[in-house]
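Q: One structure, pasted below without further comment.
The values are calculated or read from the model by the stated rules, or taken from the named source; none is laboratory data. Since we're looking at a predicted model, the values are computed, not measured. Please note: Cβ atoms are built from the backbone with ideal geometry, for glycine as well, and neighbour counts cover all protein chains shown. The accessibility values were calculated without ligands, DNA or RNA, using every heavy atom of the protein model including side chains. Shrake-Rupley method; radii C 1.70, N 1.55, O 1.52, S 1.80 Å.
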Amino acid sequence: MANKPAAVTELHRVLTPGGRALVTLPGPEPDLFSIMGDALSRRIGPELAAFVRTVFSLHDEVEMRKLLEEAGFGRVEVEAATARLHVPEPRDFLWQYINSTPMIGGVMKVDEATRTAFEREVTAKWQPFRANGGMNFEVRMTTAVGWA
């Protein structure tokens, strides 16, 4: 969200009285995504890496509580926990993720040799995460609930 306070205020505005908003926010950025973001920045463009970093940019429990309270939510609950995730093999996960985001347009604009070099770099650096026919990694998840 470019303007976090405005976005959360709008979330509050559209709720009916007594309504509830629940948001789940990942972060800080796991190593798996830092590796991908660094390779995107170097090989394709920093604007694409910015998307990866933005996904993990709102995870601080104190900041989220403050945003919800200042937006007018009367009751707020915020908690964080670490989740262990299992995702597909490196190459499969890389392209599933890229294809499910706005980054796909920028990635497809570069030539095939650049995409191949990007893929090789990321999948090589993701090898330590491999386990059980896929990859495992941990991510902290902050869950916030606000009542209108």
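Q: Looking at the stretch 64-107 only, could you name the residues that are among the acidic types (Asp, Glu), part of a helix (DSSP H, G or I) and within 22 Å of Glu138 (Cα to Cα)?
A: If the condition is that a residue be among the acidic types (Asp, Glu), part of a helix (DSSP H, G or I) and within 22 Å of Glu138 (Cα to Cα), then Asp92 is the only one that fits.
Q: How many of the residues making up the stretch 68-107 are exposed (fewer than 11 other Cβ atoms within 10 Å of the Cβ) and more than 22 Å from Pro30 (Cα to Cα)?
A: The qualifying residues number 1.
Q: How many residues, within the stretch 20-44, are more than 14 Å from the chain's Cα centre (by Cα) and either modelled with pLDDT under 95 or in a helix (DSSP H, G or I) (or both)?
A: Of the residues in that region, 6 qualify.
Q: How many of the residues in the stretch 81-96 are within 30 Å of His12 (Cα to Cα) and either within 15 Å of the chain's Cα centre (by Cα) or charged (D, E, K, R) (or both)?
A: So the count comes out to 2.
Q: Name the residue that is surrounded by the most Cβ atoms within 10 Å (Cβ to Cβ), counting only residues in the stretch 45-63 that are touching a Ser or Thr at 6+ places or on another chain (Cβ under 7 Å) and in a helix (DSSP H, G or I).
A: By that ranking, first place goes to Ala49.
Q: Something else now. Six or more apart or on different chains, Cβ atoms under 6 Å: show the pairs whose first residue is in the stretch 1-25 and free of Cβ contacts under 8 Å to residues at least 40 places away in the same chain and whose second is not acidic (Asp, Glu).
A: That search, which allows pairs on different chains as well, returns Ala7/Met1.
Q: For the stretch 108-148, how many residues meet the condition of being β-branched (Val, Ile, Thr), in a helix (DSSP H, G or I) and either open to solvent by 60 Å² or more (accessible area, probe 1.4 Å) or touching a residue at least 40 places away in the same chain (Cβ under 8 Å) (or both)?
A: 2
Q: Here's another thing I want to ask about it. Looking at Thr16, is it surrounded by fewer than 14 Cβ atoms within 10 Å (Cβ to Cβ), under 16 Å from the mean Cα position of the chain (by Cα) and under 30 Å from Phe73 (Cα atoms)?
A: no
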